[in-house]
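Structure first, commentary second.
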Amino acid sequence: MFKLLATILKDIRVLWRDKMGISLMFVMPIILVIVVTNIQNSTFQLVSKNKLLILICNQDTGQQSKQLITAIDKIGMFKVSQVSGAHTEKTMTGAMHDRDALLGVIIPANFSSKVVARSKNAAGKALSGFGLQGDTLKQMDNVDPLTLYYNPVLQESLRLSVAGGIHSAIQLIESRETLRSLYFSINEKQMPEKLENDLLNNKTAINEVPVSKSGSHISPNATQHNVPAWTIFAMFFVIMSLGGSVVREKLSGSFIRLKTLPTNYLMGIMSKQIVYIGVTVLQTAVIFSIGIWLFPHMGLPTLNLPSDLLALIVVTFICGWCAVSYAICIGVFAETQEQVNGFGAISIVILSAIGGLMVPSFAMQGFFKNAANLSPMHWCLEAYYTLFLQNGKLGDVMNNVIPLIIITLVFQFMTLWGLKRKNLI
Amino acid sequence: MAITDVLAVNIENLGFHYSGNEGATFSKLNLKVKKGERFGVFGPNGAGKTTLLSLMTGLLSANEGNIHLLGLDVSKKNKAVNKLFGFVPQDFSFYQELSPVENLEFFGAWFGLDKPTIRKKTDELLQVLGLEDVRNKQVQKFSGGMKRRVNLAIGVMGNPEILFLDEPTVGVDVQTRHAIINYLMELNKNGTTLVYTSHQLSEAEGLCEHIALIDDGKIIAQDNLDKLLKDYHQDSLEHLFLNLTGKDYRN
């Protein structure tokens with residue numbers, strides 16, 4: 001026990017004097033989690049709170065185009081700004097650029113007349129279908145399409161949702177006109193406003209409820225998503241310090257001496273595991289504390305800890321153990337510090353990408369969806385998300401913890417094999 | 001200390017080659033060092049001195065033959081063997097980020113010493129080797145001579161019965177060399193067997209009673225130093241060395 005304590009003390013002293021290693025393990029992840037959460041929070045708010053500026057050039061003088069603009073405004077996603085003049089694609093692009101707008105729409109000059117004509121035609125077809133005589137059944141030209149200009153920085157999903165919103169607005173205008181035509185054809189008078197509103201606004205509501213294991217309703221936000229994810233990244237980033245420490249010890253003369261002493265080098269490996277698991281737990285505590293106490297002062301959502309704190313501690317400990325086991329394994333097989341730094345950093349980025357830290361694993365297809373299961377970071381993330389987003393309990397994370405332990409044991413066996421193969425133990 | 005008939009090191013029919021047949025190769029090499037001796041192993045660059053020390057300390061494994069330290073087989077990788085000897089490698093073998101005290105505390109624990117013994121031994125070694133004033137300073141800021149003394153202190157921390165020294169005075173000033181040699185003589189008086197390699201032949205002449213000259217993986221002479229000088233009609237170890245190994249460059 002004294003040997004182990006002396007070795008732990010030595011490792012703590014060596015680590016404490018490695019200022020660069022400490023900054024890589026603590027300062028960099030903290031900066032990362034703050035920056036990424038801020039950016040993602042802005043994206044969340046872009047859709048929910050901040051409105052997208054949309055420039056609308058209305059070349060039409062009819063009522064329907066005005067109704068369309070009102071309908072687009074009512075969607076709630078957009079801050080509508082009308083621009084005058086006969087805009088072309090080139091001038092619209094210039095206007096969007098000048099006004100820092102991500103979206104632009106040109107409503108063609110004959111929009112209202114064509115919507116009215118098309119609605120009358122649709123109403124006529126409907127009446128004819130009922131066996132009544134409608135206004136006309138003549139072949140109609142389609143309404144000229146609206147042109148939606150968008151800045152390519154707009155994500156595909158957001159662009160599709162914008163197009164969907166504008167489509168709904170157009171459909172509302174066309175439905176209203178069709179209804180009016182039908183009513184007028186049947187009753188020879190204008191449709192009462194109340195009836196029109198009742199018919200058009202009587203839509204089935206969608207009740208959105210975030211689901212959780214515990215049944216409580218936690219609204220996901222950028223903090224709940226990012227803090228656990230980038231904490232895992234920070235844990236695995238100990239490879240830069242720990243892997244380097246193993247290689248340095250191997251390459252420096254101290255390892256030659258250690259091999260001639262009456263103590264097995266496994267004692268050294270055990271000590272490193274204990275010290276660096278402590279480091280990962282400390283990293284987690286620091287990053288979570290920032291999420292809880294600093295984020296609200298930065299205008300970011302507060303991190304809400306899961307109700308099952310024991311499960312949080314267990315998951316944190318096992319994630320840390322896995323990260324440390326990976327770092328030692330790479331350190332044992334690497335021949336130089338450069339190999340650890342290069343391979344370590346790149347492999348962590350790849351494992352985090354495959355593991356769903358950068359792109360949700362549910363969005364992955366085929367090979368990568370299966371490959372996610374091989375990334376320890378995937379299981380870490382799933383376990384944390386079960387706790388943070390679904391308010392799960394210890395029993396709920398077992399499906400994630402067991403594969404994580406298996407992967408960790410694989411790293412441990414590989415380390416032993418590597419040490420044995422290199423005659424280090 | 002009086003030399004006894006007990007063998008501190010007994011190498012029999014040693015065969016060794018590096019993978020790919022690079023570096024020194026030994027074949028049927030025999031060497032005996034008695035307990036209490038100050039034994040020097042000398043040879044030109046690439047002769048196999050460091051390889052031989054690595055085999056004796058278990059850092060390398062022999063392909064043939066066996067090596068016993070005080071009767072215990074080195075090849076068994078028994079940690080009891082490691083308790084018998086201390087090793088002072090040619091390279092600095094400690095944590096540069098730590099102070100002499102912190103290094104000695106750690107290596108003392110790995111030698112299997114208890115806390116009070118480590119404290120006592122640390123104070124004693126730092127005093128004897130003139131490191132008392134810098135006991136808590138990081139070793140990486142030390143001069144080469146100071147680092148050599150730290151290297152030696154760690155090697156003797158475990159009170160070894162046999163001390164292997166691979167060029168322990170390389171690159172140090174005259175004062176440090178004197179201090180190290182005097183300390184080694186003191187250790188030997190107290191019973192420690194010394195197995196030593198160096199290119200400082202004048203220094204070795206004063207330290208070693210018995211020597212082995214090796215060249216190209218073979219022992220070309222092995223006996224009491226005075227006897228060898230007499231047998232080969234040489235007046236110094238350096239002349240004996242040149243006489244037996246030639247004056248050509250060794251690459």
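Each value in this text was obtained by applying a stated rule to the coordinates, not by laboratory testing. These figures come from a predicted structure and were not determined experimentally. Methodologically, a virtual Cβ is constructed for each residue, glycine included, from the backbone with ideal geometry; neighbour enumeration extends over all protein chains shown.
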Relative to a virtual label point 7 Å from the Cα of residue A:61 in the Cα→beta-carbon direction, which members of the stretch A:86-107 show backbone nitrogen distances below 19 Å? A:86-87, A:107
Can you tell me how much longer the chain between residue A:373 and residue A:31 gets when fully stretched, taken as 0.36 nm per residue apart minus their C-alpha distance, in nm with one decimal? 120.3 nm
Net charge dipole size for the stretch A:51-201 [Lys, Arg +1 and Asp, Glu -1 on Cβ; Debye, nearest 20]: 100
Dipole of the stretch B:86-168 [Lys/Arg +1, Asp/Glu -1 at C-beta], most positive-end residue of B:98, B:110, B:152: B:98
With Cα springs under 10 Å, the Gaussian network model of chain A assigns the largest mean-square fluctuation among A:26, A:413, A:236 to A:413
Please give me the summed charge of the neighbours of residue B:200: other residues whose Cβ is under 15 Å from its Cβ, Lys and Arg +1, Asp and Glu -1. -2
Can you find, among A:340, A:310, A:173, the residue sitting farthest towards the positive end of the charge dipole of the protein assembly as shown, where Lys and Arg contribute +1 and Asp and Glu -1 at Cβ? A:173
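Placing +1 at every Lys and Arg Cβ and -1 at every Asp and Glu Cβ, with all other atoms neutral, what dipole size does chain A have around its Cα centre, in debye to the nearest 20? Write out the running numbers ahead of the final one.
Values: 34 positive and 24 negative charges, 261 e Å.
It comes to approximately 1260 debye.
Which of the trypsin sites (Lys or Arg not before Pro) found in the stretch B:1-100 are in a DSSP loop and have at most 14 neighbouring Cβ atoms, other than their own, within 10 Å?
Qualifying residues, ordered by number: B:77.
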Roughly how far apart, in whole Å, are the Cα centres of the stretch B:125-200 and the stretch A:367-400? 55
May I ask you to sort A:73, A:396 by Cβ crowding, counting other Cβ atoms within 10 Å and putting the fewest first? A:73, A:396
Once both labels are modelled 7 Å past Cα along the beta-carbon direction, what's the residue A:161-residue B:17 spacing in nm? 7.2
Given q = 0.25, 0.27 Å⁻¹, what are the Debye log10 I(q)/I(0) values for the stretch B:22-90, with equal point scatterers placed on the Cα positions and solvent ignored? -1.46, -1.61
Taking a ≥ b ≥ c as the square roots of the Cα gyration tensor eigenvalues, with a/c under 1.5 meaning rounded and otherwise prolate when a/b beats b/c, else oblate, which class fits the stretch B:85-127? prolate
Taking a ≥ b ≥ c as the square roots of the eigenvalues of the Cα gyration tensor of the stretch A:53-104, is the shape rounded (a/c under 1.5), prolate (a/b larger than b/c) or oblate? oblate
Under DSSP H, which helices of chain A have Cα atoms covering 27 Å or more of the helix axis and a Kyte-Doolittle average no less than 0.0? A:28-48, A:111-130, A:156-187, A:266-289, A:309-333, A:394-421
Sites residue A:205 and residue A:343 - FRET efficiency at Förster radius 51 Å, r taken between beta-carbons, to 0.05: 0.45
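Just from its helices, what would the mean residue ellipticity at 222 nm be for chain B, if runs of 4 or more DSSP H residues each count -39500 (n - 2.57) and the sum is divided by every residue, rounded to the nearest 500 deg cm²/dmol? The partial results should precede the final answer.
Details: 9 runs with 90 residues, N = 251.
Computed mean residue ellipticity for chain B: -10500 deg cm²/dmol.
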Note down the relative contact order for chain B as a percent, whole number, built from C-alpha pairs under 8 angstrom at least six residues apart. 25
Which entries of A:125/A:189; A:420/B:76; B:83/B:121; A:10/A:422 have Cα-Cα distances beyond 21 Å here? A:10/A:422
According to the square roots a ≥ b ≥ c of the eigenvalues of the Cα gyration tensor, what is the shape class of the protein assembly as shown, taking rounded for a/c under 1.5, prolate for a/b larger than b/c otherwise, and oblate for the remainder? prolate
Within chain A, which cysteines find no other Cys whose Cβ is under 4.7 angstrom from their own? A:57, A:322, A:329
Surrounding charge for residue B:111, neighbours by C-beta under 13 angstrom, Lys/Arg +1, Asp/Glu -1, total +3
Tell me which of A:370, A:239, A:269 sits at the most positive position along the dipole axis of chain A, charges placed on C-beta atoms (Lys, Arg +1; Asp, Glu -1). A:269
Taking 7 Å along the Cα-to-C-beta vector as the label spot, tell me the residue A:281-residue B:63 distance in nanometres, rounded to one decimal. 5.0
Binned at 5 Å starting from 0, the alpha-carbon pair-distance distribution of the stretch A:51-201 in whole percents comes out as 2, 9, 17, 19, 17, 13, 9, 7, 4, 2, 0, 0
At a threshold of 8 angstrom on Cα-Cα distance, excluding pairs fewer than six apart, so keeping six or more, what relative contact order does chain A reach in percent? 18
Summed residue charge, Cβ within 13 Å of residue A:332's Cβ, Lys/Arg positive, Asp/Glu negative: +4
